[in-house]
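A short write-up of the structure that comes next.
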Amino acid sequence: MMTNIRLFPIAVLTAAIAGCGSSSSSAMDDPASASTQATSTPAVSVASARGPKVKIVSSDYGRILADGSGRALYLFTADKGNASTCSGDCATAWPPYIVKSKPIAISRAKPGKVGTIRRDDGKLQATYAGHPIYYYQGDRSPGEVNCQAAVEFGGYWYVLRSNGSAVH
(Lines give C-alpha, C1' and ligand atoms only; values in the text may rest on other atoms or scores of the structure.)
Protein backbone atom coordinates (compact mmCIF):
# COMPACT_ATOMS: atom_id res chain seq x y z
CA MET A 1 0.00 0.00 0.00
CA MET A 2 1.35 3.41 -0.95
CA THR A 3 1.14 6.34 1.47
CA ASN A 4 0.98 9.90 0.23
CA ILE A 5 3.38 12.18 2.05
CA ARG A 6 2.73 15.89 1.80
CA LEU A 7 5.63 18.27 2.23
CA PHE A 8 5.04 21.85 3.33
CA PRO A 9 7.33 24.83 2.80
CA ILE A 10 9.07 26.01 5.96
CA ALA A 11 7.21 29.34 5.77
CA VAL A 12 3.86 27.54 6.02
CA LEU A 13 5.02 25.51 9.00
CA THR A 14 6.45 28.60 10.70
CA ALA A 15 3.17 30.46 10.30
CA ALA A 16 1.17 27.49 11.61
CA ILE A 17 3.42 27.05 14.64
CA ALA A 18 3.32 30.77 15.46
CA GLY A 19 -0.49 30.69 15.47
CA CYS A 20 -0.55 32.96 12.48
CA GLY A 21 -3.33 32.63 9.95
CA SER A 22 -3.26 33.51 6.32
CA SER A 23 -5.66 34.05 3.50
CA SER A 24 -5.52 34.34 -0.20
CA SER A 25 -4.65 37.63 -1.80
CA SER A 26 -5.39 39.02 -5.19
CA ALA A 27 -1.59 39.06 -5.57
CA MET A 28 -1.95 41.84 -8.11
CA ASP A 29 0.63 44.54 -8.22
CA ASP A 30 -0.50 47.89 -6.90
CA PRO A 31 -1.83 49.59 -10.03
CA ALA A 32 -0.76 52.99 -8.74
CA SER A 33 2.85 51.94 -8.27
CA ALA A 34 2.98 49.79 -11.40
CA SER A 35 2.21 52.78 -13.59
CA THR A 36 4.65 55.08 -11.82
CA GLN A 37 8.00 55.48 -13.56
CA ALA A 38 10.96 57.53 -12.38
CA THR A 39 11.56 60.34 -14.83
CA SER A 40 14.92 61.52 -13.58
CA THR A 41 17.68 60.39 -11.27
CA PRO A 42 18.97 62.86 -8.69
CA ALA A 43 22.71 63.47 -8.46
CA VAL A 44 22.73 61.91 -4.97
CA SER A 45 20.65 58.79 -4.63
CA VAL A 46 17.90 58.95 -2.00
CA ALA A 47 18.49 55.23 -1.41
CA SER A 48 22.03 55.97 -0.23
CA ALA A 49 20.85 58.65 2.22
CA ARG A 50 21.34 57.86 5.90
CA GLY A 51 18.48 56.97 8.19
CA PRO A 52 15.48 54.64 8.19
CA LYS A 53 13.78 53.91 4.89
CA VAL A 54 10.58 52.46 3.47
CA LYS A 55 10.30 51.07 -0.02
CA ILE A 56 8.13 48.91 -2.24
CA VAL A 57 9.27 45.32 -2.87
CA SER A 58 7.91 42.29 -4.72
CA SER A 59 6.30 39.50 -2.72
CA ASP A 60 3.82 36.66 -3.13
CA TYR A 61 1.15 39.32 -2.44
CA GLY A 62 2.31 41.68 -5.17
CA ARG A 63 4.26 44.87 -4.54
CA ILE A 64 4.19 45.72 -0.84
CA LEU A 65 5.70 48.14 1.67
CA ALA A 66 8.97 47.13 3.32
CA ASP A 67 11.75 48.68 5.35
CA GLY A 68 15.04 49.70 3.74
CA SER A 69 16.32 46.10 4.01
CA GLY A 70 13.25 44.72 2.24
CA ARG A 71 11.48 43.25 5.30
CA ALA A 72 7.69 43.36 4.96
CA LEU A 73 5.75 45.90 7.01
CA TYR A 74 2.19 45.40 8.25
CA LEU A 75 -0.70 47.52 9.45
CA PHE A 76 -2.94 46.51 12.39
CA THR A 77 -6.67 47.10 12.03
CA ALA A 78 -7.13 47.52 15.80
CA ASP A 79 -5.03 50.71 15.70
CA LYS A 80 -7.36 53.69 15.85
CA GLY A 81 -6.44 56.96 14.28
CA ASN A 82 -2.76 57.76 14.37
CA ALA A 83 -2.01 55.72 17.53
CA SER A 84 -0.66 52.24 18.17
CA THR A 85 -2.67 49.83 20.31
CA CYS A 86 -0.02 47.08 20.10
CA SER A 87 2.20 46.68 23.18
CA GLY A 88 3.41 43.90 25.50
CA ASP A 89 2.94 40.43 23.98
CA CYS A 90 1.52 42.02 20.83
CA ALA A 91 4.69 44.08 20.29
CA THR A 92 6.80 40.95 20.87
CA ALA A 93 5.03 39.05 18.07
CA TRP A 94 4.56 42.18 15.93
CA PRO A 95 7.50 44.51 16.66
CA PRO A 96 6.78 48.13 15.75
CA TYR A 97 9.08 49.74 13.18
CA ILE A 98 10.96 51.92 15.69
CA VAL A 99 12.99 54.77 14.19
CA LYS A 100 15.05 57.73 15.41
CA SER A 101 13.75 60.00 12.65
CA LYS A 102 11.08 60.05 9.95
CA PRO A 103 11.87 57.35 7.36
CA ILE A 104 12.85 58.28 3.82
CA ALA A 105 10.62 56.96 1.03
CA ILE A 106 12.61 55.16 -1.69
CA SER A 107 11.86 52.66 -4.49
CA ARG A 108 8.27 53.68 -5.27
CA ALA A 109 7.18 54.35 -1.68
CA LYS A 110 5.30 57.65 -1.54
CA PRO A 111 7.08 60.39 0.50
CA GLY A 112 3.82 62.13 1.44
CA LYS A 113 2.56 58.98 3.15
CA VAL A 114 5.56 58.54 5.49
CA GLY A 115 5.40 59.80 9.06
CA THR A 116 5.95 58.91 12.71
CA ILE A 117 4.04 58.70 15.98
CA ARG A 118 5.22 58.72 19.58
CA ARG A 119 4.35 55.43 21.32
CA ASP A 120 3.21 55.20 24.94
CA ASP A 121 6.72 53.97 25.82
CA GLY A 122 8.17 57.18 24.34
CA LYS A 123 9.71 55.54 21.27
CA LEU A 124 9.16 56.88 17.75
CA GLN A 125 7.29 54.50 15.43
CA ALA A 126 7.12 54.84 11.66
CA THR A 127 3.74 55.28 9.99
CA TYR A 128 2.58 54.95 6.39
CA ALA A 129 -0.62 56.56 5.13
CA GLY A 130 -1.51 57.25 8.77
CA HIS A 131 -1.07 53.62 9.86
CA PRO A 132 1.51 52.70 12.50
CA ILE A 133 3.61 49.97 10.83
CA TYR A 134 5.02 46.74 12.22
CA TYR A 135 7.15 43.73 11.41
CA TYR A 136 6.06 40.14 11.96
CA GLN A 137 8.67 38.36 14.09
CA GLY A 138 8.54 35.27 11.85
CA ASP A 139 9.51 37.16 8.67
CA ARG A 140 13.27 37.03 8.18
CA SER A 141 14.06 37.53 4.49
CA PRO A 142 13.38 40.43 2.14
CA GLY A 143 9.87 40.18 0.68
CA GLU A 144 8.93 37.28 2.98
CA VAL A 145 5.32 37.43 4.23
CA ASN A 146 4.45 34.67 6.71
CA CYS A 147 1.48 36.19 8.51
CA GLN A 148 -0.79 37.97 6.04
CA ALA A 149 -4.44 38.47 7.11
CA ALA A 150 -3.81 37.03 10.57
CA VAL A 151 -6.31 37.72 13.34
CA GLU A 152 -4.33 38.33 16.51
CA PHE A 153 -4.50 40.72 19.48
CA GLY A 154 -7.93 42.03 18.56
CA GLY A 155 -7.46 42.88 14.90
CA TYR A 156 -6.25 41.83 11.47
CA TRP A 157 -2.66 42.21 10.25
CA TYR A 158 -2.14 43.10 6.59
CA VAL A 159 0.80 44.05 4.41
CA LEU A 160 0.33 47.37 2.61
CA ARG A 161 0.36 48.52 -0.99
CA SER A 162 2.24 51.66 -2.03
CA ASN A 163 -0.95 53.71 -1.67
CA GLY A 164 -1.22 52.66 2.00
CA SER A 165 -4.19 50.34 1.60
CA ALA A 166 -4.21 46.86 3.09
CA VAL A 167 -3.68 43.87 0.81
CA HIS A 168 -6.79 41.72 1.32
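The values are calculated or read from the model by the stated rules, or taken from the named source; none is laboratory data. None of these values were measured; they are calculated from a predicted model. A quick note on method: Cβ atoms are made from the backbone with ideal geometry, for glycine too, and the neighbour counts reach across all protein chains shown. Just so you know, the surface numbers come from the protein's heavy atoms only, side chains and all, with ligands and any DNA or RNA stripped out. Shrake-Rupley method; radii C 1.70, N 1.55, O 1.52, S 1.80 Å.
The table below lists the values:
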quantity: Efficiency of FRET from Cβ geometry, residue 60 and residue 85, R₀ 25 Å, rounded to 0.05; calculated: 0.35
quantity: Peptides 81-89, 130-138, 59-67, 149-157 ordered by average Cβ neighbours within 10 Å, highest first; calculated: 59-67, 130-138, 149-157, 81-89
quantity: Accessible area of segment 67-128 belonging to carbon and sulfur atoms, whole % at 1.4 Å probe; calculated: 48 percent
quantity: For segment 66-156: accessible area per residue (Å², 1.4 Å); calculated: 44 Å²
